[in-house]
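Notes follow once the structure below has been shown.
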Amino acid sequence: MDQIMTILTENFGPFGPLLAIGGLGLILVLATLPILMNKQEDPLDKLKRTKFAPDAGKESLRSAVSSANAKKDKLEKYKDFLEPKDAEEYSAMQLTLLQAGYPGKNAVRTFHFAQMALGIGFLILGVGYAILKSSTGDPTTQQTMMSIIIPGAVGYMAPKYWITRRVDARKEEIQNGFPDALDMLLVCVEAGQSLDQGIIRVSKEIRAGFPALGDELSIVSHEMKAGKDRIQVLRDFGTRCGVVDVASFTTVLIQSATFGTSIADALRVFSSEMRDKRVMRAEEKANTLPTKMTLATMMLTVPPLLIILIGPSIYQVYVTLKDISF
């Protein structure tokens, strides 16, 4: 043991034994996790079920189908480790992924797997970098810990950052395309189509410019075709989008359907308000543009101007002083 400690200290510095123990523990944990999480069915239980089942053929067909589906989703057996136990936390994460454009039933599981995989992967890279740095120099304990922890934290937070950016970009896309969708829906309703048919037509037409809004309207049309309650469909539509304008629109439609007022009149008034709000947002961005350009103007315009105006005078003074000194 003394020889091993001496070799590790000579090759990796004073923290060589600690790094070796940490790397060995990480390897053992990674090697043990698949064995602990892989819960296979007892062959005797499977034999009893197939032997005493009344419909053995149908059951075998169902088991074959379920095994095929299980093969498609390889993370199914790890769901206890990759999904939150709290129902509210799970619902909030699922809603966030829906707003980011990931509506799959395994989206939450995949997201947490990506966090775990990237966190462990970047942590291993940090350990390798710390070992390399210890062999080439003599870093302090704080530097070694930071070089290990920071990559792991970056890998763990990268999926969350990606989802946040996706949610913001998708909300902005839906907000920009919503006034046009309302105008098209108003035209369809005034032309004699029903609200369901108008939504189907608008989802097809708006998809070229705003695919996120087209997908959401397509989901609304499919849910209405499936027989789901229209009020619940509209509420889910507003919740999935996460945009204030869409939530207000769904409230207007729900009130119109509840009180029996004209949908065309409600759409006409609301689409006019949405156009005005879009113009106001454009004017707001235009008014903030000079303020944002002030720093760039100062950094990119003033220094060249000073060089052009004052540079020749400074050079002339320098030459004159040089001649006087001689």
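The values are calculated or read from the model by the stated rules, or taken from the named source; none is laboratory data. The structure displayed is predicted, hence computed values, not measured ones. Backbone-built Cβ (ideal geometry, glycine too); neighbour counts: all protein chains shown. Ligands, DNA and RNA are excluded from the accessible area calculation, which covers all protein heavy atoms including side chains. Shrake-Rupley method; radii C 1.70, N 1.55, O 1.52, S 1.80 Å.
Criterion first (touching a residue at least 24 places away in the same chain (Cβ under 8 Å) and open to solvent by 80 Å² or more (accessible area, probe 1.4 Å)) does K204 satisfy it? In short, no. Each residue in the range 98-147 was checked for being within 15 Å of the chain's Cα centre (by Cα), buried (at least 19 other Cβ atoms within 10 Å of the Cβ) and of a type in the set (A, V, I, L, M), and 3 of them qualify. Here E172 clears all of (1) open to solvent by 60 Å² or more (accessible area, probe 1.4 Å); (2) in contact (Cβ under 8 Å) with a residue 40 or more places away in the chain; (3) under 19 Å from the mean Cα position of the chain (by Cα) except the condition numbered (2). Does T261 meet the test of being surrounded by fewer than 15 Cβ atoms within 10 Å (Cβ to Cβ), polar (S, T, N, Q) and not in a helix (DSSP H, G or I)? For T261, the condition - surrounded by fewer than 15 Cβ atoms within 10 Å (Cβ to Cβ), polar (S, T, N, Q) and not in a helix (DSSP H, G or I) - is met.
In the set S271, S256, only one residue is under 31 Å from the mean Cα position of the chain (by Cα), of a type in the set (S, T, Y) and either outside any helix (DSSP H, G or I) or at negative phi (or both); that residue is S271. Cβ separations smaller than 6 Å between residues 6+ apart or across chains give the following pairs from the range 262-278 residues that are closer than 15 Å to C188 by Cβ and in contact (Cβ under 8 Å) with a residue 12 or more places away in the chain to residues that are open to solvent by 80 Å² or more (accessible area, probe 1.4 Å) and in a helix (DSSP H, G or I): A264/E190. Would you check if L309 is touching a residue at least 24 places away in the same chain (Cβ under 8 Å) and more than 28 Å from the chain's Cα centre (by Cα)? So L309 does not fit the description; no.
Looking across S262, S271, one residue alone is hydroxyl-bearing (S, T, Y) and in contact with a helix residue (DSSP H, G or I) (Cβ under 7 Å, 6 or more places away or on another chain). It is S271.
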